[in-house]
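Reading through the structure tokens given below for one structure.
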Amino acid sequence: SAVISQKPSRDICQRGTSLTIQCQVDSQVTMMFWYRQQPGQSLTLIATANQGSEATYESGFVIDKFPISRPNLTFSTLTVSNMSPEDSSIYLCSVRQDQSTDTQYFGPGTRLTVL
Amino acid sequence: RKEVEQDPGPFNVPEGATVAFNCTYSNSASQSFFWYRQDCRKEPKLLMSVYSSGNEDGRFTAQLNRASQYISLLIRDSKLSDSATYLCVVNLATGNQFYFGTGTSLTVIP
């Protein structure tokens, strides 16, 4: 399986600011995703990060709030913009290595607290 | 109705016990099924995929019942290290959307 790292691992931010989370994979992967896991909840897909084009967002998530970049097949960023305490959550990057497999592997997550 | 529903537990069982979790899914077009394990403050990790014929991996057995739209996970001879939250995950036939259950909490007691 792919080895996935995320930076930062955790952060405490003031409301109104923005935070960019990085996801790095040790091999080229076809698909990368960003999830959110709020306290006591399960995972919710934010968007699919598409290489070379705009991300595909799920219902309830918009590009202005969660801009995503994916400049190549091993790296993606998620920005949480104009943060509020409701954005406090764990943000997880995940990957599918290729189209022939539907197994997803997750990064270690970024624990965000917004004051 | 939620796409995936699980009994949140918690399940507290003694070492050596057998414990079973069930998960139901609402979309009959669902294509792929998984059990993930998530330890406290850690990311989910794939435990096993679930195949139509059922599959076993050591002490873990997963079963799929398409007619009733549920999947199950059986853990035999529970170990302390099995304590975690077990997430049921379903992938629809189209698109990339993976639906996660809210997880079932298991604590194995010495």
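The values are calculated or read from the model by the stated rules, or taken from the named source; none is laboratory data. All values reported here derive from a predicted model rather than from experimental measurement. All Cβ positions, even for glycine, are placed from backbone atoms using ideal geometry, and neighbour counts span all protein chains on display. To get the accessible areas, we keep the full protein, side chains included, count just its heavy atoms, and leave off ligands, DNA and RNA. Shrake-Rupley method; radii C 1.70, N 1.55, O 1.52, S 1.80 Å.
Overview of results
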quantity	calculated
Burial ranking of peptide ranges B:51-58, A:62-69, A:73-80 (average Cβ count within 10 Å, highest at the top)	A:73-80, A:62-69, B:51-58
Unpaired by the 4.7 Å Cβ criterion, cysteines found in chain A	A:Cys13
Inter-label distance, nm, simple model (7 Å from Cα along the C-beta direction), A:Leu115/A:Gln41	2.4 nm
From the C-alpha gyration tensor of the range B:30-74, square roots of 5λ in Å	20, 12, 8
Hydrodynamic radius (Kirkwood) for the protein assembly as shown, which is based on Cα pairs only, to one decimal in Å	18.2 Å
Stretch gain in nm, segment B:Ser68-B:Ser26, where the contour uses 0.36 nm per residue and the Cα spacing is subtracted	14.1 nm
For residues of B:33-46, the mean tally of beta carbons on other chains within 10 Å	4
Charged-residue dipole, Cβ positions (Lys, Arg, Asp, Glu), the range A:1-108 about Cα centre, Debye nearest 20	200 debye
Averaged over A:36-42, number of beta-carbon atoms from partner chains that fall within 10 Å	4
Share of Cα-Cα pairs in chain A lying beyond 19 Å, as whole percent	40 percent
Cα centre as origin, Lys/Arg/Asp/Glu Cβ charges: the range B:1-97 dipole, Debye	160 debye
Ranking by accessible area, most exposed first, for A:Ile90, B:Ile75 with a 1.4 Å probe	A:Ile90, B:Ile75
Sites A:Thr56 and B:Asp39 - FRET efficiency at Förster radius 35 Å, r taken between beta-carbons, to 0.05	0.70
Label-zone membership for the range B:38-59, site B:Arg76, 7 angstrom Cα→C-beta point, backbone N under 14 Å	B:55-59
Inter-chain Cβ neighbour average for residues B:80-90, partner chain, 10 Å	1
Share antiparallel - DSSP beta bridges, chain A, percent rounded to 5	90 percent
Estimated FRET transfer efficiency when R0 is 45 angstrom, pair A:Phe75-B:Glu15 (beta carbons, to 0.05)	0.55
Relative pair counts by distance (%), Cα atoms of the range B:1-62, 10 Å bins	16, 47, 33, 4
